[in-house]
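Worksheet for the structure shown next.
The values are calculated or read from the model by the stated rules, or taken from the named source; none is laboratory data. All of these numbers come straight from a predicted model, not from anything done at the bench. As a convention, Cβ positions derive from the backbone with ideal geometry for all residues, glycine included, and neighbour counts pool all protein chains shown.
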Amino acid sequence: MAHILIVDDQQHVRFLVKRVLETEAHTVTEASDGLQALQLLDANVHFDLILLDLRMPNLDGFEFLALLRSRPVRPRVVIVTALWHPSPALLDYPISGHLSKPFSRQKLLEVVHHNLGAQAS
């Protein structure tokens, strides 16, 4: 199955998303902000999909996307946030989808499976 990175400063969100995705046999890695996520990418960890919150301390989702844009490997990114206002900063990086908080287990799986090219279960 896929290796998915959850980037969100809310521990309970990471925990719940991880539990749901692991029940689908995905490998899940967590980062509490964009800085931790970049450190994982710098360590050459491969991710099939990144679930990215926008509002976080240290390095937020907008800053993370700006830095990700300049990298040779550009994983698929789904924005996961309560506040969705498309910004010019996002337009330069191809966003694969959006998931509004709060979301259901079913909606999470639909978005993830769609972005991985599989049918939602």
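So which residues in the stretch 41-55 are surrounded by 18 or more Cβ atoms within 10 Å (Cβ to Cβ), in contact with a Ser or Thr (Cβ under 8 Å, 6 or more places away or on another chain) and more than 17 Å from H98 (Cα to Cα), if there are any at all? Selection gives F47 alone. In the set (1) outside any loop (DSSP other than H, G, I, E, B); (2) modelled with pLDDT of 90 or more; (3) more than 13 Å from the chain's Cα centre (by Cα); (4) not acidic (D, E), the condition left unmet by P102 is number (1). In this structure, L109 does not satisfy being without any contact (Cβ under 8 Å) to a residue 12 or more places away in the chain and out of contact with any strand residue (DSSP E or B) (no Cβ under 7 Å at 6 or more places or on another chain). Going through (1) modelled with pLDDT of 95 or more; (2) of a type outside the set (V, I, T); (3) in contact with a Phe, Trp or Tyr (Cβ under 7 Å, 6 or more places away or on another chain) one by one, H26 falls short only on (3). Restricting V73, V77 to those that are at pLDDT 90 or above and among the β-branched types (V, I, T) reduces the list to V77.
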